[in-house]
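Colleague: Before anything else, here's the structure in question.
The values are calculated or read from the model by the stated rules, or taken from the named source; none is laboratory data. Fair warning: this is a prediction, and the values are worked out from it, not measured in the lab. Reconstructed Cβ throughout: ideal geometry from the backbone, glycine too, with neighbour counts over all protein chains shown.
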Amino acid sequence: MRMLLAATIALVVAQWGRSPVVQASCVGANLEVLWSYPETGAQQVPTDITIWAVTNGWSSRPVATLDGRPVEMQGAPSFSGVYFQPQNLAPNSDHTLVLDYSRSPNLVPGEPLRFEIKFKTGAGPAENTVAEPFVPSSTREVMDFAAHDCADVIAAQDCFDTGQDALLSLNVEASQADDTVGWLLQTRYLGSSAIWPARCGAPSVYLHRQDSLCFEVQRIGAGGKLSKAVEHCSEPTADMPAAGHGGTAASDAGRADAEVDAGAADASRLSTSEAAPARADAAAGSAGCSTVSGARTAARAFWAIVVIALLLAHSQRHRRRRPRGVTPSRRFRI
């Protein structure tokens, strides 16, 4: 029995040894606000603003106040980005926005956790509507995003520990850039969703070179207002080599299956392609790394524990059995 137990433990250790290795790219830098609307020092801000913020902390959600009054968070459409309900402010006046991350459970104590953003409003509100985007095409390039001018914004999109190696950029209509402050790209997977500042150029996400993705694309216009969503789907080109991350293209259905597995490992990372903030909030409760490999490791651990428990129970029953040749005392016979 001891030999069997030892062999079982050895088998479990061997199975763990074959598990995919999660890289250290999940460890981020000290918390920093990478982009906000309005930004610090902004002038002529419309009086009916919707507040946006992107940090480098995955699933870190701030408590916001504006001129000392609480502001309710309206959505969390990506791992590192949030936005808040519209505000009606006094015209031609100074205002202070405070983003306080001290209550977020995903941050290291001692980091700067409170950020002040001072800005000044203009004469009145923004336009009532934001024109929907026009995305005629997209391009993808196999590259290390570290060379990108907004590498920190890309790095905040996901924990790139499963071999992501290509930058997908949407070719948006140039004439829309004048009154665009940012872009919202949403898929069913939060790691491929992004809040993208307009100052960073073409809205982009980092992904596996063979991933097929469909986005709901929205412009963030003056006042932080969202346009209607348009769908843009991107397929890898035929001459693009197969990805070297242990797999080929993940179709939307295959990706959804992987997300369900990851959710079972207490790392729910699902979102929506319908640009619905409420469902994005529910999906963004956990942080960080891609966890398909973690789910498989957890499953192996679970079954290993079950097997060991059964073996121990069998061993205990075996020890409690009466030794051979021993008969009950006659005093207890009827």
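Colleague: Within region 187-203, which residues are closer than 20 Å to S60 by Cβ, touching a strand residue (DSSP E or B) at 6+ places or on another chain (Cβ under 6 Å) and assigned to a helix (DSSP H, G or I)?
Modeller: Passing the criteria: only S192.
Colleague: Another one. In region 187-216, which residue that is basic (K, R) and out of contact with any His (no Cβ under 9 Å at 6 or more places or on another chain) is surrounded by the fewest Cβ atoms within 10 Å (Cβ to Cβ)?
Modeller: R199
Colleague: Hey, does region 115-134 have a residue that's under 22 Å from L31 (Cβ atoms) and in contact with an Asp or Glu (Cβ under 6 Å, 6 or more places away or on another chain)?
Modeller: So in region 115-134, the residues under 22 Å from L31 (Cβ atoms) come out as 115-119.
Checking which are in contact with an Asp or Glu (Cβ under 6 Å, 6 or more places away or on another chain) leaves us with none.
Among the residues of region 115-134, not one is under 22 Å from L31 (Cβ atoms) and in contact with an Asp or Glu (Cβ under 6 Å, 6 or more places away or on another chain), which makes the answer no.
Colleague: Could you go through region 120-138 and let me know if any residue there is surrounded by 14 or more Cβ atoms within 10 Å (Cβ to Cβ), under 24 Å from M240 (Cβ atoms), under 23 Å from the mean Cα position of the chain (by Cα) and not assigned by TED's automatic domain parsing to the domain that holds G68.
Modeller: yes
Colleague: Related question: Which members of region 128-165 meet the condition of being touching a helix residue (DSSP H, G or I) at 6+ places or on another chain (Cβ under 6 Å) and over 19 Å from F215 (Cβ atoms)?
Modeller: A151, C159, D161 - these are the residues of region 128-165 that are touching a helix residue (DSSP H, G or I) at 6+ places or on another chain (Cβ under 6 Å) and over 19 Å from F215 (Cβ atoms).
Colleague: From the list A156, A147, A151, pick out the single residue that is surrounded by 13 or more Cβ atoms within 10 Å (Cβ to Cβ) and without any contact (Cβ under 8 Å) to a residue 12 or more places away in the chain.
Modeller: A151
Colleague: Could I ask something else about it? Residue check: is L168 assigned to a strand (DSSP E or B) and within 17 Å of V205 (Cα to Cα)?
Modeller: Values: assigned to a strand (DSSP E or B): yes; within 17 Å of V205 (Cα to Cα): yes.
Criteria met by L168.
Colleague: Scan region 61-74 for residues that are under 21 Å from W183 (Cα atoms) and surrounded by fewer than 22 Cβ atoms within 10 Å (Cβ to Cβ) and report the count. Please lay out each step first, then the result.
Modeller: First, pick out the residues of region 61-74 that are under 21 Å from W183 (Cα atoms): 61-62, 73-74.
Subset that is surrounded by fewer than 22 Cβ atoms within 10 Å (Cβ to Cβ): 61, 73-74.
Matching residues across region 61-74 total 3.
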